[in-house]
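The values are calculated or read from the model by the stated rules, or taken from the named source; none is laboratory data. Predicted model only: the values in this text are computed from it and were never measured. Quick reminder, even Gly has a Cβ in these numbers, built from the backbone with ideal geometry, and neighbours come from all protein chains shown.
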Amino acid sequence: MTERPDRRRLSREELLSFEGAFVDDLFDDRTRLLFVGINPGLWTAAVNAHFARAGNRFWPALHRAGILPKSLDVTAGMADTDRELVLDHGIGISNLVPRASARADELSRAELIAGGQRLVDLVTAIRPSVVAILGLTAYRQAFGRRDAVAGAQPDSIGPSELWVLPNPSGLNAHETVDSLAGAYRATAVAAGLAVNSTR
């Protein structure tokens, strides 16, 4: 197993050594809203923390949406106190495909389909109120829903309401922290989570 980095910068070669590595899922019996990324990036795998790459808008959007009381900086990994904060607010995080790659478009259709089945099994086991998949194209491929549009879906996953929302990666340039926050807030309300105004 590749050793996780300490608080330091990684060379390109060190970062590439995390190709194919896995990131631990984050959930427990408090999880009401499960966010599902496409797959971990290399930096996320290196520090074993979801959405860890600098410039990713996931954590700022959760704060702006009023889901979390602060925006987390997980670029060097997630502190135990931050992990507990996320779980205590009813949030869980997983990925469609667990293996890390430099870009999500490197994933095969077969991997995404297998990831969809993995997600169904996970959701059936942990039973969150809402599942929010962050990536419309990946959702369409994983579940064979070529005509799906963003937002609440007519289908559920087991007992859980299903939403498909924009990916917070900096590569998704037409989304902003504010637009992501609006979408993510809607799922939190649907999950029955307490949300607060940060304005």
Working only within the range 96-155, note down all residues that are in contact with a Lys or Arg (Cβ under 7 Å, 6 or more places away or on another chain) and of a type in the set (Lys, Arg).
Arg140, Arg146
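Kindly evaluate Ala183 against the criterion of being crowded, with 17+ Cβ neighbours inside 10 Å and within 22 Å of Asn39 (Cβ to Cβ).
Numbers: crowded, with 17+ Cβ neighbours inside 10 Å: yes; within 22 Å of Asn39 (Cβ to Cβ): yes.
Spelling it out, Ala183 is indeed crowded, with 17+ Cβ neighbours inside 10 Å and within 22 Å of Asn39 (Cβ to Cβ).
Show me the strands (runs of 3 or more DSSP E) entirely contained within the range 100-199 in which 3 or more residues are touching a residue at least 12 places away in the same chain (Cβ under 8 Å) and closer than 24 Å to Glu19 by Cα.
On the way: elements: 130-134, 151-157, 160-165.
Counting at least 3 such residues, we get no strands (runs of 3 or more DSSP E) at all.
So if I check each of Leu136, Leu112, Leu122, which one is within 16 Å of the chain's Cα centre (by Cα), closer than 19 Å to Gly90 by Cα and surrounded by 16 or more Cβ atoms within 10 Å (Cβ to Cβ)?
On the way: Leu136 fails: closer than 19 Å to Gly90 by Cα; Leu112 fails: closer than 19 Å to Gly90 by Cα.
Result of the check over Leu136, Leu112, Leu122: Leu122.
Looking at Val97, Val86, can you tell me which residue is at pLDDT 95 or above, assigned to a helix (DSSP H, G or I) and either under 21 Å from Leu136 (Cα atoms) or out of contact with any Pro (no Cβ under 6 Å at 6 or more places or on another chain) (or both)?
Going through Val97, Val86 in turn, the sole match is Val86.
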